[in-house]
Amino acid sequence: MFKIALYFMGIIFTSVGIFFTIIYLNLLSMGYTFLEFVNFISRKIEFYFILIGLICIGISLERWIKDELLLRRNLKLERK
């Protein structure tokens, strides 16, 4: 249950971060250069929501990925 909640929390954080990053893209049309935009967006907390969300999603899927790789490895060994 904890992993499901962590997964949904990660999706929410990531989507909020991407939403605000897309909104801040309007700064490029106002005359900001790309480097100024990156400097501005890296100082905002909304940008870090993307990173926090991706980490939460990665943690919640960690066991599933490990099991999936184990299953693929076992299938390759059985075919020989």
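Each reported figure results from applying straightforward, stated rules to the coordinates on display, with no laboratory input. Bear in mind the structure is a predicted one, so any value in this text is a computation, not a measurement. Cβ placement follows ideal geometry from the backbone for every residue including glycine, while neighbour counts extend to all protein chains displayed.
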Counted charge near Cys56, where neighbours are those whose Cβ lies closer than 13 Å (Asp, Glu -1; Lys, Arg +1) = 0
Length gained when the stretch Arg63-Val38 is fully extended (0.36 nm per residue, less Cα-Cα span) | 5.6 nm
Trypsin sites (Lys or Arg not before Pro) within the range 1-63: DSSP coil, no more than 12 neighbouring Cβ in 10 Å | Arg43
Starting from the Cα of Ile55, step 7 Å along the direction of its Cβ; do the same at Phe8; then give the gap between the two resulting points in nm.
-> 2.3
